[in-house]
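These notes are about the structure you will find just below.
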Amino acid sequence: MSPPALPEIRTCTALSALGNTSDALVAVYTDVASLDSLAKIASDSAAYIALSKSVDKDFGSSVALIPSASISGGRLVLSPTGSLDDDTDDVRKLADAVKAGVTRAVQAGSSRPAIYFAQPPPTEDERSHDADFSRWIEVCILAALEASYVTLVVREHRLATCKQDKAVVENLESVEFVFSHSVSQDEINKAVKRAKAIETGRRLAVDMGYGDPERMTPYNCAEYIKAAVDGVQGITYEEIKDLDVIKREYPLLYNSARASFSEKKTWPCVVKLEYQSPEAAKVKEHLYLVGKGVTYDTGGISLKIGGSMRGMSRDKLGACGVAGFVLATGVMQDVSVNISCILAFERNSIGPNALLPDEVIVSRAGVRVLINDTDAEGRLVMTDPVAECRERILAAREAGNKTPAVIYTAATLTGHVIRAYGWYGATVANGPARKGRYDHRLAVSGLAYGDPFENSIMRRDDYAFVASKTDREDVYQSNCQASTLTDRGHQYPAAFIIKASGLDKHSLKSGDSSAIPFVHVDIAGSAEDGVEPGLGLCAITGSPVATFAGAFWAH
């Protein structure tokens, strides 16, 4: 089942231009005084607001629904942002207000809300140093579309249990935005186009992410991606399911997945996506993206215990996010990048044929890997695809292709990154990537799109930690403890990937002609919102689709 079409998006630049097609008006504001502008179309709201201010000292700090006969649909929703110019304020406060306001409108029965911004966001001089409102229009559109989204599992349940014409598979039919503060129509149109492309990709990512371990097995993930990219200009799809081919080309993935071979539905597979820019002369870089797609992680023979297996159907969100970004780029038809993407899907099962600690597995790059913990499978499934990317970059250079190339891995890799930073993603880059500020690009873009990333730095300790101390192996895959109990638990896995894939031969020391930038992106924190609804699982954010779009697309 593919995602439904996005709601219709309309825009205008004045309240007076609003028609009667909407059935609610959501007013997003920072200062209560700015609501005076509503008198132009909702004169009956002024008395209510004045009365509320006089009797409720908390008025303006939470969402309020006001009946208004002068507004189409009779619903006026007031959704405050709170301050936008304090030390830690950023564009997420605008997004939160939009989402909360639209959600309240939907709860009241609206399916065609209009959203009015009563005042503009802070200027560069007014905002804090660590805030960026340059993409606020896109961020707000994405927030409204997030409130409209209905998850795949809910859509399928409703379609199975309701009459087709009664099943609600999208909360909104349409949404109209009123941008009335010196925003040009051209700027609005560009923002709408980008937001729609990002949301299309983000929905692929979250659809797959919400799928339970049986709904989204490795093969089902591949099929869902194939259907999503089918017919999208510039994107080609390839899948590898033959176990003999996987054993030869991706030996670390193959061995990590061995316990899953007893059931064909849980066999591993590799999905490859290629995106070619429609204007080759405008390509500025070639992105090589690798995504971790562990559709369920039991820990393998190093079994997760004490309830820590809960939520491990989400261990595929790196691959989901990367696939979503490729789809978004195809929808956008961005001219500045070519993309080569490898997604490694497996179920990390337990059984008689499971991978065992103490085994030494030879990687695609010919590096002997000592297995210490089968629950550190993410770095295993991504390392051989990284080696393949390395080979392709070297072959392209040998053939005379001088397009700058960089490798990114995306994974919900460690709990340590959450312990270190909370519900934020983090980058860990090698020397060439640090020199080129590739990790910084993600931090800048994440700030603008409300998906902040932290830049972690690899140190000599990380390489020393995985360096072999005997002649029986070349690198240690991991220690035997949880990452949360390990010093530098989200940094050192990048050192392992670099060593086991052969990227250590392409460091700064190798020279500019040989160096290959590499950035590991740990989204264990940013892929979910961190809010557990009772005993349920957290909501999925779609990170890093928007951040990648902001970092890599032409502006």
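The values are calculated or read from the model by the stated rules, or taken from the named source; none is laboratory data. Just so we're clear, the structure is a prediction, and the values are computed from it rather than from any experiment. Glycine also receives a Cβ, built like all others from the backbone with ideal geometry; neighbour counts cover every protein chain displayed. Accessible surface is based on the protein model in full, side chains and every heavy atom, while ligands, DNA and RNA are left aside. Shrake-Rupley method; radii C 1.70, N 1.55, O 1.52, S 1.80 Å.
If a/c stays under 1.5 just call it rounded; otherwise compare a/b with b/c (prolate if a/b is bigger, oblate if not). Do that for segment 454-498, with a ≥ b ≥ c from the square roots of the Cα gyration tensor eigenvalues.
Note, shape of segment 454-498 comes out oblate.
Can you put 505, 499, 163 in order of accessible area, largest first, using a 1.4 Å probe?
163, 505, 499
Going by a ≥ b ≥ c, the root eigenvalues of the Cα gyration tensor, does segment 228-301 fall in the rounded group (a/c under 1.5), the prolate group (a/b larger than b/c) or the oblate group?
Note, shape of segment 228-301 comes out prolate.
Which order do 91, 245 take when ranked by solvent-accessible area (1.4 Å probe, heavy atoms of all protein chains), largest first?
Final ranking, largest accessible area leading: 245, 91.
Quick one: angle between helix 92-107 and the longest Cα principal axis of the chain, in degrees between 0 and 90, rounded to 10, please.
Once rounded, the angle reads 60 degrees.
Along each principal axis of its Cα atoms, how long is segment 15-129 end to end? Whole angstroms, biggest number first, please.
In descending order, the Cα extents are 42, 30, 26 Å.
Based on DSSP, what percent of beta bridges with both residues in the chain are antiparallel, to the nearest 5?
That works out to approximately 35 percent antiparallel.
Among the trypsin sites (Lys or Arg not before Pro) within segment 1-74, which fall in a DSSP loop and have no more than 11 other Cβ atoms within 10 Å of their own Cβ?
57
Which distance in Å, rounded to a whole number, links the C-alpha centroids of segment 351-387 and segment 134-188?
42
Taking only DSSP H segments of four or more residues, each worth -39500 (n - 2.57), what value at 222 nm results for the chain once the sum is divided by all its residues, to the nearest 500 deg cm²/dmol?
-10500 deg cm²/dmol
Let me make sure I get this right: for segment 1-67, a, b and c are the square roots of the gyration tensor eigenvalues over alpha carbons, sorted descending. Under 1.5 in a/c it's rounded, otherwise prolate if a/b > b/c, else oblate. Which is it?
Prolate, since a/c reaches 1.5 and a/b exceeds b/c.
State, as an integer percentage, the relative contact order of the chain based on alpha-carbon contacts under 8 Å between residues 6 or more apart.
14
For percent of Cα pairs over 36 Å apart, the listed values are (1) 35; (2) 41; (3) 45; which was obtained by calculation from the structure presented?
Label of the calculated value: (1).
Kindly flag which residue pairs out of 264/316; 265/469; 196/304; 402/435; 264/505; 247/402 have an alpha-carbon separation exceeding 29 Å in this structure.
The answer is 265/469; 196/304; 264/505; 247/402.
For residue 40, list the lysines whose Cα falls under 27 Å from its own Cα; do not include residues on the same chain fewer than 8 positions away.
53, 57, 93, 99
Out of residues 5 or more away from residue 415 or on other chains, whose amide H comes under 5 Å of its own, with H placed 1.01 Å from N in the peptide plane?
Amide H to amide H, under 5 Å and 5 or more residues apart or across chains, residue 415 pairs with 483, 484.
Just to confirm, what accessible area per residue do you get for segment 399-536 at 1.4 Å probe, in whole Å²?
Computed with neighbouring chains in place, this is 43 Å² per residue.
Report, to the nearest 10°, how far helix 438-448 tilts away from the longest principal axis of the Cα atoms in the chain, using its own Cα long axis and a range of 0 to 90°.
Approximately 20 degrees, to the nearest ten.
Write out the trypsin sites (Lys or Arg not before Pro) in segment 165-195 meeting two conditions: DSSP loop, and at most 16 other Cβ atoms within 10 Å of their Cβ.
Listed in order of number, the matching sites are 166.
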